[in-house]
1. Looking at the range 156-177, which of the residues that are outside any helix (DSSP H, G or I) and among the hydroxyl-bearing types (Ser, Thr, Tyr) is nearest to Arg136 (Cα to Cα)?
2. When His66 is evaluated against the numbered criteria (1) surrounded by fewer than 20 Cβ atoms within 10 Å (Cβ to Cβ); (2) part of a strand (DSSP E or B), which criterion, by number, is the only one it fails?
3. Kindly check whether there is at least one residue in the range 178-186 that is modelled with pLDDT of 95 or more, out of contact with any Lys or Arg (no Cβ under 6 Å at 6 or more places or on another chain) and assigned to a helix (DSSP H, G or I).
4. Of everything in the range 29-62, what is within 15 Å of Phe152 (Cβ to Cβ) and in contact with a helix residue (DSSP H, G or I) (Cβ under 8 Å, 6 or more places away or on another chain)? Give them in sequence order.
5. Out of Leu135, Leu145, which single residue is among the aliphatic types (A, V, I, L, M), in the same structural domain as Gln80 (by TED's automatic domain parsing) and over 21 Å from Cys205 (Cα atoms)?
6. Just to verify a result, which residue in the range 214-258, among those that are in a loop (DSSP other than H, G, I, E, B), among the small types (Gly, Ala, Ser) and under 25 Å from Ser61 (Cα atoms), is modelled with the lowest pLDDT?
7. If Ala76 meets every condition in (1) surrounded by 14 or more Cβ atoms within 10 Å (Cβ to Cβ); (2) modelled with pLDDT of 95 or more apart from one, which number is that one?
8. For the range 72-95, how many residues meet the condition of being more than 26 Å from Gln191 (Cα to Cα) and in contact with a Phe, Trp or Tyr (Cβ under 9 Å, 6 or more places away or on another chain)?
Amino acid sequence: MSERPTLAVWKFASCDGCQLTLLDCEDELLAIAGEIEIATFLELSSASVEGPYDLSLVEGSITTAHDAQRIKEIRAASRQLITIGACATSGGIQALRQWADVEEFTRAVYARPEWISTLARSTSIADHVPVDFELRGCPIDKRQLIEVISAFLIGRRPNVPTSSVCMSCKRAGNVCVSVARGVPCLGPVTQDGCGAICPSFTRGCYGCFGPQDSPNTASMSELCREQGLGDDDLVRLYRTFNANAPAFREASEDVHER
């Protein structure tokens, strides 16, 4: 009888929310545990098994030189590597440092800023090592996570939608908050995954799952302006959970440079 494949879960700069999503799988996690050996998952247990690992799940962005070296070591020890969440796939909220003075922040926050060693930029895991699949979200959706783990266990590509949030809105029968209420909504340019939670409660989409495959951000920006959104507010709309995702980053910079 062959040994079970090994799973490792790793954390970098993040809030732990995506790891907690895995723990929140409850009954599904028990089923997964029967098919794989959880070799390293410090959020779950201090017990750890040395690699190599068949599958690594990585949460968090790269924000220090030590992180940049550690992710290379994890990649070398992993047959397949999946990034989970906005921090790992685009740099997360901490990527807002790209448009700020990090040294000024450390001087304001820390009593001994000279003790703080951090990079000027917060970057995705894929900016440093090859990644086999990126699972979006802030946090990720547990159903998508189960699908991704299951797919890699049996050797197929995960069936995760790359269409826009508008598709979920249509299926739910929601009245479009942008058209009917004039509420700025990133749904047309954001990848589906949340099930259109915010529009279902008459709020605009905040882009938690990052840009969809072919986002028309130029038209999105123009529509938001027609709805009365000023350029400063429009920049802030793009610069949230996935501020450093290429499509959102370029859109916010285009608006800022107008």
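1. Thr162
2. (2)
3. Checked the range 178-186: no residue is modelled with pLDDT of 95 or more, out of contact with any Lys or Arg (no Cβ under 6 Å at 6 or more places or on another chain) and assigned to a helix (DSSP H, G or I).
4. Scanning the range 29-62 gives Ile32, Glu35, Ile36, Leu55, Ser56, Leu57, Val58.
5. Step by step, each of Leu135, Leu145 is checked, and only Leu145 is among the aliphatic types (A, V, I, L, M), in the same structural domain as Gln80 (by TED's automatic domain parsing) and over 21 Å from Cys205 (Cα atoms).
6. Out of the qualifying residues, it is Ser214.
7. For Ala76, the exception is condition (1).
8. Residues flagged as more than 26 Å from Gln191 (Cα to Cα) and in contact with a Phe, Trp or Tyr (Cβ under 9 Å, 6 or more places away or on another chain) within the range 72-95 amount to 4.
The values are calculated or read from the model by the stated rules, or taken from the named source; none is laboratory data. Nothing here was measured: the structure is a model prediction, and the numbers come from that model. In this analysis, Cβ positions are derived from the backbone assuming ideal geometry, glycine residues included, and neighbour counts consider all displayed protein chains.
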